[in-house]
């Protein structure tokens, strides 16, 4: 989870709350204090709350939670004075654009750092390392509206941020630190997206780097904010940045966005949209999901502590109208609001009660089988590991030379490209561990007994791998045979066609006429994909079918 470093003095000044009181209470809103230094506090927040990733976000949340400024923070968005046009040619490259102007700012070194840190944290949390969202903030002192979001050829040149000499866009991708780091995001483009002002000055080369002309300093009074990307996360990121600047006293102003590729009726948009999203939730539904009784007043008070506005709109049944802030990226369903009722009420205040039904506990048969399986593998000289359950199509299928199947459960809002789906097998995770331990001495023999998700259902599987210069089919055949013998399970073998293994050196395992697993020598293509320089053998079986 992300760890945010906040300036203690800045947080106290902005919130009006003593830093010790913040340290004592911040964990109640879904955080953990990692480290307290003389001038800073490191706080670990859940990744679903990117609106907390700044001093301003923490200040706003704590003021509501402690009753200093409860309820929905309302934002006035002034009429637009600035316009930006989206050219048709950029729509195929990076199509979504959100913009805002914030005036009346008084920056300090601390508030600039907070803004820059928020920008980079949002690039990671919402933007998948700038792929889905990239943010540019620009001092408006030296630029002139209207602006244009367009494309330029790779040999177009301008002075990028942190440089004093002009560089072509190709040179930026090859020589500038940010260009080298994010060049892969534009590598397939023949022309590159760019934002210019009315005089042709470059504001931004998204998602790579800003121009140096619009560098934010302590003398900056007015900001133009551009957020580009591929989906609706662009608008959420824009709202988070704008809301943070409003906490500093910034005056929000809309930007008129003209889309040349849209139909005439939809060609003009005014952003940011800071209007709350309204939900209707019944008291009975809240109590059903939380498991205890609440009065309407307690529900409203709990929601106000979490930054919502709530009111009773029906008394039969009792139903609430709840306004959720525009900067909340995690409110996808009314169940998310019900969770915030519990947080605002306080988990420590939820009444404890004994179960109504008495039962005698005992080990689940599958737990017994797991323990026996672990003991069997340890006795064979394998060490137990616990890889992540989240993975990606590249690791799970491409690296394993296996086709993508339809039984995959995908993550709706993944936080990285390496964690986009739940694993369906265990072997890729074990091979990743071998790859991470290439510098360790051989042989290495590891196994895992863990859960996978197949077609939305959990299954228990066991898998093992071994790497050394003489690893072969016979070795893994003997290990699989010993495992099934220890499990007192009869099995049959048939030649396997699994593309992850060498043809003729792999076998499918059948129990009771049903295929339950596979073992063999991994294909050189798999070894190359995981950058493994020695022979690797592996075994995997479905314990849900064996037992």
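What follows draws every value from the coordinates through simple rules; no lab data is involved. If you're wondering where the values come from, they're calculated on a predicted model, not measured in any experiment. Backbone-built Cβ (ideal geometry, glycine too); neighbour counts: all protein chains shown.
Would you kindly give the portion of the calculated P(r) for segment 54-179 that falls above 25 Å, as a percent of all Cα pairs?
Working: 3307 of 7875 pairs.
Roughly 42 percent, once rounded to a whole number.
Could you work out, for segment 166-255, what percent of all Cα-Cα pairs fall into each 10 Å distance bin, beginning at 0 Å and stopping at the bin that holds the largest distance?
13, 40, 35, 11, 0
Among (i) -0.29, -0.56, -1.00, -1.10; (ii) -0.49, -0.82, -1.05, -1.11; (iii) -0.20, -0.39, -0.77, -0.92, which one is log10 I(q)/I(0) by the Debye sum over Cα atoms at q = 0.05, 0.07, 0.10, 0.11 Å⁻¹ computed from these coordinates?
Here the calculated entry is (i).
Which value in deg cm²/dmol, rounded to the nearest 500, describes the helix-derived mean residue ellipticity at 222 nm for the chain, given -39,500 (n - 2.57) per DSSP H run of n ≥ 4 and division by the residue count? Before the final figure, lay out the partial values.
Details: 15 runs with 150 residues, N = 547.
Theoretical 222 nm ellipticity from helices: -8000 deg cm²/dmol.
For segment 45-73 and segment 394-419, what is the separation of their Cα centres, given in Å?
Between the Cα centre of segment 45-73 and that of segment 394-419, the gap is 34 Å.
According to the square roots a ≥ b ≥ c of the eigenvalues of the Cα gyration tensor, what is the shape class of segment 77-271, taking rounded for a/c under 1.5, prolate for a/b larger than b/c otherwise, and oblate for the remainder? The partial results should precede the final answer.
Details: a/c = 1.42, a/b = 1.12, b/c = 1.26.
It is rounded, given that a/c, with a ≥ b ≥ c, falls under 1.5.
Taking the mean number of other Cβ atoms within 10 Å as a proxy for protection, how do you rank 49-61, 490-502, 191-203 from highest to lowest? Don't skip to the end; give the middle numbers.
Working: 49-61: 25.5, 490-502: 16.2, 191-203: 19.3.
So the peptides 49-61, 490-502, 191-203, ranked by packing, come out 49-61, 191-203, 490-502.
If a/c stays under 1.5 just call it rounded; otherwise compare a/b with b/c (prolate if a/b is bigger, oblate if not). Do that for segment 158-206, with a ≥ b ≥ c from the square roots of the Cα gyration tensor eigenvalues. Could you put the intermediate results ahead of the total?
Values: a/c = 2.15, a/b = 1.25, b/c = 1.72.
Because a/c hits 1.5 or more and a/b fails to exceed b/c, segment 158-206 counts as oblate.
Could you tell me how many degrees, from 0 to 90 and to the nearest 10, lie between the Cα long axis of helix 365-379 and the main elongation axis, the longest principal axis, of the Cα atoms of the chain?
With rounding to tens, the tilt is 70 degrees.
Give, in nm to one decimal, the length gained when the segment between residue 417 and residue 145 is fully stretched (0.36 nm per residue of separation minus the Cα-Cα distance). Don't skip to the end; give the middle numbers.
Values: separation 272, 0.36 × 272 = 97.92 nm, distance 3.63 nm.
Between residue 417 and residue 145, full extension yields 94.3 nm more.
Projected area of segment 321-363, taken from the Cα convex hull and averaged over every viewing direction, in nm²? Present the calculation step by step, with values, prior to reporting the outcome.
Numbers: hull surface 23.7 nm².
For segment 321-363, the mean projected area of the Cα convex hull comes to 5.9 nm².
Highest mean first, how do 514-523, 316-325 rank when packing is the count of other Cβ atoms within 10 Å averaged over residues?
Details: 514-523: 21.7, 316-325: 17.8.
Result, highest mean Cβ count within 10 Å first: 514-523, 316-325.
Across 10 Å bins from the origin, how do the percents of Cα pairs in segment 277-349 run, short distances first?
Cα pair-distance distribution for segment 277-349, in percent: 21, 61, 18, 0.
Apply 1/(1 + (r/R0)^6) to the Cβ-Cβ distance of residue 27 and residue 117, taking R0 = 30 Å, and write down the FRET efficiency to the nearest 0.05. Before the final figure, lay out each step's value.
Details: r = 21 Å, r/R0 = 0.70.
That gives a FRET efficiency of 0.90.
On C-alpha positions alone, give me the angle between the axis of helix 233-247 and the longest principal axis of the chain, in degrees, nearest 10.
Its long axis makes an angle of about 50 degrees.
Nearest 0.05, what FRET efficiency do residue 453 and residue 374 give at R0 = 22 Å with Cβ-Cβ as r?
0.55
May I ask you to give the average projected area over all directions of the convex hull of the Cα atoms of segment 365-546, in nm² rounded to one decimal?
Averaged projected hull area, Cα only: 10.1 nm².
At what distance in nm do the modelled label points of residue 277 and residue 232 sit from each other, each positioned 7 Å from its Cα along Cα→Cβ?
0.6 nm
First check a/c for segment 351-441, with a ≥ b ≥ c the square roots of the eigenvalues of its C-alpha gyration tensor; if it is under 1.5, answer rounded, and if not, answer prolate when a/b is larger than b/c or oblate otherwise. Don't skip to the answer; put the middle values down first.
Working: a/c = 2.35, a/b = 1.37, b/c = 1.72.
Oblate shape, in that a/c is at least 1.5 and b/c is the bigger or equal ratio.
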